[in-house]
Amino acid sequence: MAKDQQVLDSPESKQIIAPGYTFGTVTDQIASVVLTKKTPYVVMGTFAVAMGLLLIFLLAVALLFTKGLGVWGLRGPTMWAWDITNFVWWVGIGHAGTLISAILLLLNQQWRNSINRFAEAMTIFAVACAGMFPILHLGRPWLMYWLFPYPNTMGIEPNFRSPLIWDVFAVSTYATVSLLFWYVGLMPDLATLRDRSEHRALKVTYGILAMGWRGSAKHWAVYETASLLLAGLATPLVLSVHTVVSFDFTVGIVPGWHSTFFPPYFVAGAIYSGFAMVLALAIPLRSVYGLKGLITDKHLDNAAKVMMATGLIVGYSYIMEAFSAWYGGNVYEQAAMWNRMTGPYKYQYWVLIACNVIAPNALWFKKVRANSVVLFIWSLIVLVGMWLERFVIIVASLAQDNLPSSWRVFESTRWDWATYLGTIGLFLFLFMLFIRLLPMISIFEVRTLLPQAKIKEDSRR
Amino acid sequence: MNQPIYGVMAEFDNPSALVSAARAAREKGYRKLDAYSPFPIEELGDALHLHKNKLPLLVLIGGIVGGTIGYALQYFVAVMYYPINVGGRPLHSWPAFIIITFEMTILFAALTAVFGMLGLCGLPMPYHPTFNVPRFALASRNRFFLCIESDDPLFDHRKTSEFLETLGPREVSEVAH
């Protein structure tokens, strides 16, 4: 990948990586994060908080299993609320990782090379968190294997016409392909860690994981083909996954859901929230580990631009949602839209408009994109806004559906909070383990970005 | 011709030297040779004539197999094994089957890409003679190696070493089996 090393030559673009690095120093700098015995206190502190939240998650899940779904605020007609909100939110966050690793690879955007690894890790952990919610929401989660078609004594099979089964296939395929792509990308770097580590146990562990990778030109040729093919496969996959997630709603006839523009709208929202999470992770990480030469302001700037562009698509979708509800002439759609704006969820609705439509416009200004503290805060605003978006779509539509006699305002419980915060704990827990145990920046891909990597052909050719 | 060693290996400290060395070795007539680098170098593929591999074909087959299995599974379940009559709608409701067919296509193609890559590379391979060279640990950091293997018909321990010395390496070492 990144075969074309012209970026560093082109005069108009700023260098992706700070000057002065050599193959040796990039290797040592990235590998030292893993191979050192010193862990920064900030990382230890975050790990402790994550561990605490993870324990809360286990408590919430234990309570859910013993008492049932009533511990969440689920009451008719709102039979799925925070759980599906969290599911969509987490899956969406994952999409930026695949976008960076696959789509930007195909588009030959080399700035991705120093952020793709941890963005892919983010994808896998976000999908793991997302996968919790539909399973926990099953009521009898231990029977989740019933979702898959297998020969059974009950003589029944899943209904393949249901979007919920499509979701099972889409999300499990997505998780599998993301994991494979991530692992394939890790192999050369695992070999680096194997060769760099001094402790015997580490050598053996990384050696087994690296599968005997030795950087042979024959292997690199196949490897590059495999990377491009995986990127080509992951690109339609990532677009399909959030499309299928949106089908969970659009195939239903609930007013506010039954709409054909949900797939592109959801995909844009997914990438929007995902880039927010990439920024929220990259900005503290590069400060704590002194990696500002590798994850430069240029990266943050580019990520902020993608975030703004997708944010504007999302803003446009909100406008079109209101417009088509009004112009479509369906009284139920009109009422659902009106309820969203003025009903019991009006605060959430207007806060989400402020977070997702108004706030991203600050990113037009170069000064805002250049200030990493402001960008960090902005990415948190976007994450909150995107959570509220899913909440409003799901809960506001369900709580006031076609039958006014069954209307009921949804009230979240402390266990809704505990489960949600718990998955944030799970995510951070896995992520902190990842940055401690595996190289968080793709070492071999950063090497290709260095000016020395360009081959100087002699005249004999 | 069978020598007790695996081959002779030259170490270079920049990618350009490796590419020109690989090209020179090809021109000299050596065919059983491999280069080792800490990152992919496209020109090296040119120099060693490595551009074709079977992986795309395998992935295509994998994708077609996956898609076929996906569709056949749904057809079998929905039409033959467990038909559900929903308001008299057709059992073979193919538009609803497209999504899972697509997902299975991607899944099988991706699995083929990964396992095909490992298979074509012969990985996992915990032991390889090149690992016997102590400095080869730098092949994953900042050094570039060219190894001419002893089963090459032109291979001669002394002559090949001398040839590699002419290419301006940092060091030439022999690779034990």
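The values are calculated or read from the model by the stated rules, or taken from the named source; none is laboratory data. Please read all numbers here as calculations on a predicted model, not as lab measurements. Every residue, glycine as well, gets a Cβ built from its backbone with ideal geometry; the counts of neighbours run over all protein chains shown.
Hey, can you tell me all the residues within the range B:164-177 that are more than 14 Å from chain A (Cβ to nearest Cβ) and buried (at least 20 other Cβ atoms within 10 Å of the Cβ)? Those that are more than 14 Å from chain A (Cβ to nearest Cβ) and buried (at least 20 other Cβ atoms within 10 Å of the Cβ): B:L164, B:P169. Among the residues in the range A:164-177, are any more than 22 Å from A:A128 (Cβ to Cβ), buried (at least 18 other Cβ atoms within 10 Å of the Cβ), in contact (Cβ under 8 Å) with a residue 24 or more places away in the chain and small (G, A, S)? Within the range A:164-177, not a single residue is more than 22 Å from A:A128 (Cβ to Cβ), buried (at least 18 other Cβ atoms within 10 Å of the Cβ), in contact (Cβ under 8 Å) with a residue 24 or more places away in the chain and small (G, A, S). Can you spot a residue in the range A:183-190 that is without any contact (Cβ under 8 Å) to a residue 12 or more places away in the chain and either among the basic types (K, R) or within 7 Å of another protein chain (Cβ to nearest Cβ) (or both)? No, because not a single residue in the range A:183-190 is without any contact (Cβ under 8 Å) to a residue 12 or more places away in the chain and either among the basic types (K, R) or within 7 Å of another protein chain (Cβ to nearest Cβ) (or both).
Residues in the range A:25-36: is at least one part of a loop (DSSP other than H, G, I, E, B), over 17 Å from A:G290 (Cβ atoms) and at pLDDT below 90? Talk me through it step by step, then tell me what you get.
Filtering the range A:25-36 for residues part of a loop (DSSP other than H, G, I, E, B) gives A:36.
Those still in the list that are over 17 Å from A:G290 (Cβ atoms) too: none.
Within the range A:25-36, none of the residues are part of a loop (DSSP other than H, G, I, E, B), over 17 Å from A:G290 (Cβ atoms) and at pLDDT below 90.
Pairing each residue of the range B:40-53 that is more than 7 Å from chain A (Cβ to nearest Cβ) and within 19 Å of A:T448 (Cα to Cα) with any residue that is of a type in the set (V, I, T) and in a helix (DSSP H, G or I), provided the two are 6+ apart or on different chains, yields C-beta distances under 9 Å for B:D46/B:V19; B:A47/B:V19. Screening the candidates B:F102, B:F108, B:F76 for the property of being within 30 Å of A:S178 (Cα to Cα), facing chain A (nearest Cβ under 8 Å) and free of Cβ contacts under 8 Å to residues at least 60 places away in the same chain yields one hit, B:F102. For first residues located in the range B:12-33 and in contact (Cβ under 8 Å) with a residue 12 or more places away in the chain, partners that are assigned to a helix (DSSP H, G or I) and among the small types (G, A, S) and lie 6+ apart or on another chain with Cβ distances below 7 Å form the pairs B:F12/B:A21; B:P15/A:A453; B:V19/B:A47; B:A22/B:A47; B:R23/B:A47; B:R26/B:A47; B:L33/B:A25. Meeting the requirement of 1 or more residues that are within 25 Å of the chain's Cα centre (by Cα) and either at positive phi or at pLDDT 90 or above (or both), the helices (runs of 4 or more DSSP H) wholly within the range A:265-359 are A:297-327, A:346-353.
One line per residue, one yes/no per condition, for (1) within 14 Å of chain B (Cβ to nearest Cβ); (2) crowded, with 24+ Cβ neighbours inside 10 Å; (3) closer than 23 Å to A:V357 by Cα:
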| residue | (1), (2), (3) |
| --- | --- |
| A:H242 | yes, yes, yes |
| A:D248 | yes, no, no |
| A:S259 | no, no, yes |
| A:F262 | no, no, yes |
| A:A276 | no, yes, yes |
| A:L281 | no, no, yes |
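Being in contact with a Ser or Thr (Cβ under 7 Å, 6 or more places away or on another chain), in a helix (DSSP H, G or I) and touching a residue at least 12 places away in the same chain (Cβ under 8 Å) is a property that holds for A:G94. Among the helices (runs of 4 or more DSSP H) confined to the range A:367-461, the ones with at least 1 residues that are within 14 Å of another protein chain (Cβ to nearest Cβ), under 29 Å from A:L291 (Cα atoms) and modelled with pLDDT under 90 are located at A:443-449. Selection within the range B:133-161: residues that are of a type in the set (D, E, K, R) and assigned to a loop (DSSP other than H, G, I, E, B). The member of this set that is surrounded by the most Cβ atoms within 10 Å (Cβ to Cβ) is B:R143. Of the helices (runs of 4 or more DSSP H) lying entirely inside the range B:1-116, those containing at least 1 residues that are over 30 Å from A:G24 (Cα atoms), modelled with pLDDT of 90 or more and within 27 Å of the chain's Cα centre (by Cα) are B:55-75. Selection of the range A:118-141 for residues being more than 30 Å from A:H299 (Cβ to Cβ) and either surrounded by 13 or more Cβ atoms within 10 Å (Cβ to Cβ) or modelled with pLDDT of 90 or more (or both) yields A:M132, A:F133, A:P134, A:I135, A:L136, A:H137, A:L138, A:P141.
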